[in-house]
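Worksheet: the structure to be examined is printed underneath.
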């Protein structure tokens, strides 16, 4: 099956399937109410630095689509949403456009619709330096996402079976590019061991993309008419656990992005409290732009941002960097996991 057909299937099943079955873990995080915030709601500032750029707010429209003429309209609408809401945006894997010129428009339309926006290109970790440069040039990208997806590849009959040399190749790509590089998983999370290794390659950020959101194991199973057992569908590291693991070893000069089941404004605020500079959301905005008119989606996005600000007031934070210092009580499976991994949850609760 071609990459183009696969991309169409990804959109179809993303819209059709539900999140999970594993939960992202946000229910295990409880923020502490501040009855004396001593601040003005109007003074709350959502601006954040990320990968060396100044973002108007910390919600990124994350990678999902690209590589087919049929998704050009979808990408155009996502780009319009990004432009209207001043959101950074990532495209799906650009390999299709590098293979066939006919599919370049499905990516280039994003820059056409959002000429001044912050846009991230996307490729797999096996890409060559030349392909990485082409991907960045194709959409005049401000950064490159390199995705890691071994679980997804293993579910695909046409998927990769060799994953050797990725770490060294990422380092080469970082050296070859003039834009920042961020490494992301695609829904099965990342542990601190891999974060340590990646932090030495010269990248500028990690997107943990844990379990609890769009499940690409389930999507690939649906594409191939397989019925994997529950254990396989639940494979991976929940988003919150993955984020705290990565944050525990991430150097100060690397940015943390949390994605994978971020679905509510409170999820986003909890993400910032446990260390994220930004959150990534793909499926919610993909579903929105395919179901509603653009003005309604823009209003939905603005409502989401305003709700973030309300929660910030309730914990007493006037900006996102202050959220990094706010206490959070960690319970449940997340606490059990982190305790076994010798990561203190008490420190989070007593900031």
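The values are calculated or read from the model by the stated rules, or taken from the named source; none is laboratory data. The model shown is predicted, which means the values in this text are computed figures rather than measured ones. Glycine also receives a Cβ, built like all others from the backbone with ideal geometry; neighbour counts cover every protein chain displayed.
Of note:
- Within region 144-158, tally of residues that are touching a helix residue (DSSP H, G or I) at 6+ places or on another chain (Cβ under 6 Å), over 21 Å from residue 341 (Cβ atoms) and in a helix (DSSP H, G or I): 2
- Residues (out of contact with any strand residue (DSSP E or B) (no Cβ under 6 Å at 6 or more places or on another chain) and crowded, with 22+ Cβ neighbours inside 10 Å) located in region 111-122: 114
- Any pair with Cβ under 9 angstrom, 6 or more apart, that starts in region 279-299 at a residue that is within 14 Å of residue 24 (Cβ to Cβ) and ends at one that is at pLDDT below 95 and part of a helix (DSSP H, G or I): 282/14; 283/14; 283/15
- Subset of region 276-322 (residues that are modelled with pLDDT of 95 or more, under 19 Å from residue 242 (Cβ atoms) and touching a helix residue (DSSP H, G or I) at 6+ places or on another chain (Cβ under 7 Å)): 276, 279
- Tally of residues being over 19 Å from residue 73 (Cβ atoms) and at pLDDT 90 or above across region 96-118: 3
- Of the residues making up region 300-340, those that are loosely packed, with under 15 Cβ neighbours inside 10 Å, touching a residue at least 60 places away in the same chain (Cβ under 8 Å) and either over 24 Å from the mean Cα position of the chain (by Cα) or more than 30 Å from residue 40 (Cβ to Cβ) (or both) are 331, 332.
- Some residue of region 102-109 being free of Cβ contacts under 8 Å to residues at least 60 places away in the same chain and either within 16 Å of the chain's Cα centre (by Cα) or within 30 Å of residue 231 (Cα to Cα) (or both): no
For (1) part of a helix (DSSP H, G or I); (2) surrounded by 15 or more Cβ atoms within 10 Å (Cβ to Cβ); (3) at positive phi; (4) touching a helix residue (DSSP H, G or I) at 6+ places or on another chain (Cβ under 9 Å), each residue gets a yes or a no:
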residue: 22; (1), (2), (3), (4): no, yes, no, yes
residue: 37; (1), (2), (3), (4): no, yes, no, yes
residue: 42; (1), (2), (3), (4): yes, no, no, no
residue: 71; (1), (2), (3), (4): yes, yes, no, yes
residue: 74; (1), (2), (3), (4): yes, yes, no, yes
residue: 77; (1), (2), (3), (4): yes, yes, no, yes
residue: 82; (1), (2), (3), (4): yes, yes, no, yes
residue: 92; (1), (2), (3), (4): no, yes, no, yes
residue: 108; (1), (2), (3), (4): yes, yes, no, yes
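- Of the residues making up region 148-173, those that are modelled with pLDDT of 95 or more and out of contact with any strand residue (DSSP E or B) (no Cβ under 8 Å at 6 or more places or on another chain) are 167, 168, 169, 171, 172.
- Selection status of residue 343, outside any helix (DSSP H, G or I), surrounded by 17 or more Cβ atoms within 10 Å (Cβ to Cβ) and at pLDDT 95 or above: yes
- Selection status of residue 181, touching a helix residue (DSSP H, G or I) at 6+ places or on another chain (Cβ under 7 Å), at pLDDT below 95 and within 20 Å of residue 246 (Cα to Cα): no
- Residue within region 128-147 that is over 16 Å from residue 79 (Cα atoms), touching a strand residue (DSSP E or B) at 6+ places or on another chain (Cβ under 7 Å) and surrounded by fewer than 18 Cβ atoms within 10 Å (Cβ to Cβ) present: yes
So that you can scan it fast, the table gives a plain yes or no per residue for (1) touching a residue at least 24 places away in the same chain (Cβ under 8 Å); (2) closer than 21 Å to residue 146 by Cα:
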position	(1), (2)
193	no, yes
199	yes, yes
207	yes, yes
222	yes, no
229	no, no
239	yes, yes
243	yes, yes
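- The criterion of being surrounded by fewer than 18 Cβ atoms within 10 Å (Cβ to Cβ) and either closer than 19 Å to residue 61 by Cα or in contact with a strand residue (DSSP E or B) (Cβ under 6 Å, 6 or more places away or on another chain) (or both) does not hold for residue 351.
- Of the residues making up region 148-178, those that are crowded, with 21+ Cβ neighbours inside 10 Å and under 22 Å from residue 244 (Cα atoms) are 148, 149, 151.
- Residue within region 279-292 that is closer than 28 Å to residue 36 by Cα, assigned to a helix (DSSP H, G or I) and touching a strand residue (DSSP E or B) at 6+ places or on another chain (Cβ under 6 Å) present: no
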